[in-house]
Amino acid sequence: MKKVDKEIINRVIEMAWEDRTPFEAIKLQFGLCEKDVIGIMRCNMKPSSFKMWRKRVQNRETKHLKKRIFVGGIFKSTAQKSISLNKISKRR
């Protein structure tokens, strides 16, 4: 595993905890592959927290770009109402 400073480690941990941040984004930003991220998480977390995180992200579609069901952009539910011209109506 590469030598990484504390500030980067904190940001990597934060990104790894986020469900929608894929490992590919961490690799693109910091040059750390999934194996490196797992190593950082293992070394910087309590064993119980690491096990909980690992169980949660293993095979999770949102953590791997190839497994995602939506391709690009931001997912928007079909049930969500659209806001036209950013004008939100106010009741008086």
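Picking from residues in region 11-38 that are among the acidic types (D, E) and either under 14 Å from E61 (Cα atoms) or touching a helix residue (DSSP H, G or I) at 6+ places or on another chain (Cβ under 8 Å) (or both), the one that is surrounded by the most Cβ atoms within 10 Å (Cβ to Cβ) is E34. All conditions in (1) in contact with a Phe, Trp or Tyr (Cβ under 7 Å, 6 or more places away or on another chain); (2) at pLDDT below 70 hold for I8, with the sole exception of (2).
Mind listing whichever residues of region 32-42 are in a loop (DSSP other than H, G, I, E, B) and either touching a residue at least 12 places away in the same chain (Cβ under 8 Å) or among the β-branched types (V, I, T) (or both)?
Taking region 32-42 as the starting set, the residues that turn out to be in a loop (DSSP other than H, G, I, E, B) are 32-33.
Listed by number, the list holds a single entry, L32.
Only residues that are more than 19 Å from R42 (Cβ to Cβ) and assigned to a helix (DSSP H, G or I) were counted in region 12-31, giving 4.
The values are calculated or read from the model by the stated rules, or taken from the named source; none is laboratory data. These figures come from a predicted structure and were not determined experimentally. Cβ atoms come from the backbone with ideal geometry, glycine included; neighbour counts cover every protein chain shown.
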